[in-house]
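A quick write-up on the structure given underneath.
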Amino acid sequence: MTNWRTTMWIGIAMFLFLLQELPLFKARWVEDESWYAIPAYTLLHEGRLRNPTSADSGYSAMALKPPAMALTLYAAFRSFGEGLVQARFPSLLAGLLLIPVVYLLGTALVGRAAGAAAALVVSTDNFLFVAGRTARPEIYVALFGTIAFLLWAWSRRVPGFWLPLLAGLSAGVAINYHVNGIAIAVSITLLILIDCRYRFWRESRFLAFCFGAGITLIPFAVWIQSSPSNYAAFKHEYGRGSSMTIEQKIEEERWRYADFVGASSQRIPLPFHIPYRLHIAVVIVASVILLYCRNRAFAFTGLVALAPSLLWFLYLVNKTPRYFAVVAPCLAILIGAAAFATWQAKRFRRFAGAVVLIVVITQLIGNAMLIRKSADADYSSVATQLQRLIPRGSSAYGAITFWFALRDRTFYSYNRIPLKDAVATLHPSYMILKDRVMMVGEGNGVDTWAALRKDVQGFVEHHGSLIGRVSSRFYGDLEVFAVHYENLSGSRDASQQVVPNGPGLSR
């Protein structure tokens with residue numbers, strides 16, 4: 001493939017990515033984006049990382065996630081102001097940069113044609129599409145992890161200390177965005193050990209990579225060890241998965257893969273029930289089999305790059321399919337490499353091109369459906385109406401989704417604070433009821449907040465007055481209540497009080 005054709009295909013891939021990302025870019029702000037934006041906001045306004053929506057109590061009030069995501073959002077807010085676009089623009093930029101990096105990695109491992117095909121596939125990947133328009137860390141882990149793989153691939157041909165050192169630094173940056181980066185560092189370590197036939201004590205690349213990754217983790221490690229409470233909170237945050245048996249982990253992990261093939265997701269309701277991404281899973285498996293037959297060494301390299309991440313997912317408590325964005329570059333390169341191997345057999349060229357085209361087009365259709373669904377999620381309109389109903393200087397209790405709308409008020413999240421504790425000690429002035437999460441759960445078919453919904457409705461019936469409604473097809477038909485604490489009995493602690501003729505305030 002000539003240079004001008006290469007540039008053309010990369011340009012097409014980047015144009016496709018922007019064409020998908022920019023429509024309704026401000027729509028559909030969701031819970032996790034607030035969780036990641038809160039520490040950045042407090043760092044900007046208070047000079048420290050914390051989560052005030054948890055009322056400074058317990059582990060949940062501490063910002064114990066790796067710091068790079070908070071620092072990225074902090075830099076965006078400080079440079080461009082506070083807003084939805086500002087929070088998401090770094091993700092968009094990271095996704096755009098990822099495309100040429102995937103091309104370069106595919107070229108280094110297989111060839112330009114494979115790199116171009118991989119760039120097209122990754123530019124339309126459904127999980128990367130969501131990651132590129134969301135203030136979450138997956139897109140950054142994918143970018144810096146792929147850069148680390150690229151530098152490793154270059155270091156195999158260019159002897160020296162600097163390329164593996166930079167690869168380690170990039171892998172360390174990925175870890176500082178999310179612990180998913182650990183699996184990427186493990187993959188590269190294994191690849192280096194395989195290259196040097198496990199005689200790592202003679203291999204400067206291994207030492208350089210480990211040194212580069214290690215020094216990026218020192219600040220976070222020092223901060224964790226800086227106080228007993230930090231260390232205890234860190235153990236609590238990342239030790240939750242250790243209590244589960246391997247059978248339980250595998251059982252729960254199947255939901256992630258069901259979402260990958262589109263079998264269980266409720267995010268794109270279709271008039272017919274089929275796993276609408278099953279063909280992509282089939283293409284990936286077929287690509288691995290084909291590469292095993294045609295290019296066994298590369299197939300082995302691809303599996304070593306991919307397997308640690310898939311095994312690491314087992315340990316993680318959060319079973320979101322969003323994490324597939326981290327391995328999307330690897331999957332795209334496997335598809336591109338298999339297409340290239342098929343293309344070399346002249347009689348199968350049309351078939352290889354058709355498969356890549358089908359993957360790209362069907363992913364584009366899926367992304368278009370998500371964009372259309374986002375039209376129902378006008379967060380800016382909801383935010384404006386909530387700001388009119390809840391004045392500055394007051395406090396509110398509701399879903400963490402609405403923190404960004406009310407960030408200059410005192411906001412308490414029912415996602416972390418039980419109603420009983422909020423009423424007894426925090427006394428929020430307003431309560432936001434009947435949002436989408438409160439009414440139907442987290443979107444996985446489980447009515448997570450049924451008990452809270454019953455308790456809070458009973459509470460406002462006796463101690464609140466409805467001051468307004470905010471309707472949204474996505475966020476729900478919200479009801480905002482002003483709370484009257486003078487109605488609560490002064491002779492009894494509110495934390496023990498039971499609402500007359502209504503449900504108790506349960507945890």
Looking only at segment 6-46, count every residue that is without any contact (Cβ under 8 Å) to a residue 60 or more places away in the chain and either open to solvent by less than 30 Å² (accessible area, probe 1.4 Å) or among the basic types (Lys, Arg) (or both) and tell me the total. 3
Kindly indicate the residue of segment 475-494 that is open to solvent by 50 Å² or more (accessible area, probe 1.4 Å) and touching a strand residue (DSSP E or B) at 6+ places or on another chain (Cβ under 8 Å) and also modelled with the highest pLDDT among those meeting that condition. 477
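Looking only at segment 281-308, count every residue that is small (Gly, Ala, Ser) and more than 23 Å from residue 356 (Cβ to Cβ) and tell me the total.
1
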Any chance you could count how many residues in segment 76-100 are aliphatic (A, V, I, L, M), open to solvent by 10 Å² or more (accessible area, probe 1.4 Å), under 20 Å from residue 403 (Cβ atoms) and out of contact with any Ser or Thr (no Cβ under 9 Å at 6 or more places or on another chain)? 1
Look through segment 448-474, keep the residues that are over 16 Å from residue 438 (Cβ atoms) and open to solvent by less than 60 Å² (accessible area, probe 1.4 Å), and return whichever of them is modelled with the lowest pLDDT. 463
Hey, among 179, 122, which residue is in contact with a helix residue (DSSP H, G or I) (Cβ under 8 Å, 6 or more places away or on another chain), modelled with pLDDT of 95 or more and closer than 26 Å to residue 36 by Cβ? 122
Within segment 265-280, does at least one residue satisfy the condition of being open to solvent by 20 Å² or more (accessible area, probe 1.4 Å), at pLDDT below 90 and of a type in the set (Val, Ile, Thr)? yes
When you go through (1) part of a helix (DSSP H, G or I); (2) under 26 Å from residue 35 (Cβ atoms); (3) out of contact with any Pro (no Cβ under 7 Å at 6 or more places or on another chain) one by one for residue 317, which number turns out not to apply? (1)
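Yes/no matrix, rows are residues, columns are (1) of a type in the set (A, V, I, L, M); (2) out of contact with any Pro (no Cβ under 7 Å at 6 or more places or on another chain); (3) open to solvent by less than 10 Å² (accessible area, probe 1.4 Å):
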{"residue": "137", "(1), (2), (3)": "no, yes, yes"}
{"residue": "144", "(1), (2), (3)": "no, yes, no"}
{"residue": "147", "(1), (2), (3)": "yes, yes, no"}
{"residue": "156", "(1), (2), (3)": "no, yes, no"}
{"residue": "161", "(1), (2), (3)": "no, yes, no"}
{"residue": "164", "(1), (2), (3)": "no, yes, yes"}
{"residue": "169", "(1), (2), (3)": "yes, yes, no"}
{"residue": "172", "(1), (2), (3)": "no, yes, yes"}
{"residue": "175", "(1), (2), (3)": "yes, no, no"}
How about segment 419-441: which of its residues are open to solvent by 10 Å² or more (accessible area, probe 1.4 Å) and touching a residue at least 40 places away in the same chain (Cβ under 8 Å)? 420, 421, 424, 425, 426, 427, 429, 430, 434, 436
Taking the stated definitions as given, is residue 385 modelled with pLDDT of 95 or more, over 30 Å from residue 249 (Cα atoms) and polar (S, T, N, Q)? yes
Name the single residue, out of those in segment 373-388 being of a type outside the set (A, V, I, L, M, F, W, C) and more than 21 Å from the chain's Cα centre (by Cα), that is surrounded by the most Cβ atoms within 10 Å (Cβ to Cβ). 385
So which residues in segment 302-329 are open to solvent by 10 Å² or more (accessible area, probe 1.4 Å) and among the aliphatic types (A, V, I, L, M), if there are any at all? 303, 304, 305, 306, 307, 310, 311, 314, 316, 317, 326
Selection within segment 443-476 - assigned to a loop (DSSP other than H, G, I, E, B) and among the charged types (D, E, K, R): 447, 473
If I go through segment 389-418 residue by residue, how many of them are basic (Lys, Arg), within 20 Å of residue 81 (Cα to Cα) and open to solvent by 40 Å² or more (accessible area, probe 1.4 Å)? 2
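The values are calculated or read from the model by the stated rules, or taken from the named source; none is laboratory data. What you see is a predicted model, and the numbers here were worked out from it, not measured in a lab. All Cβ positions, glycine included, derive from the backbone under ideal geometry; neighbour counts span all protein chains shown. Each accessible area value is taken on the protein alone, full model and side chains, heavy atoms only, with ligands, DNA and RNA left out. Shrake-Rupley method; radii C 1.70, N 1.55, O 1.52, S 1.80 Å.
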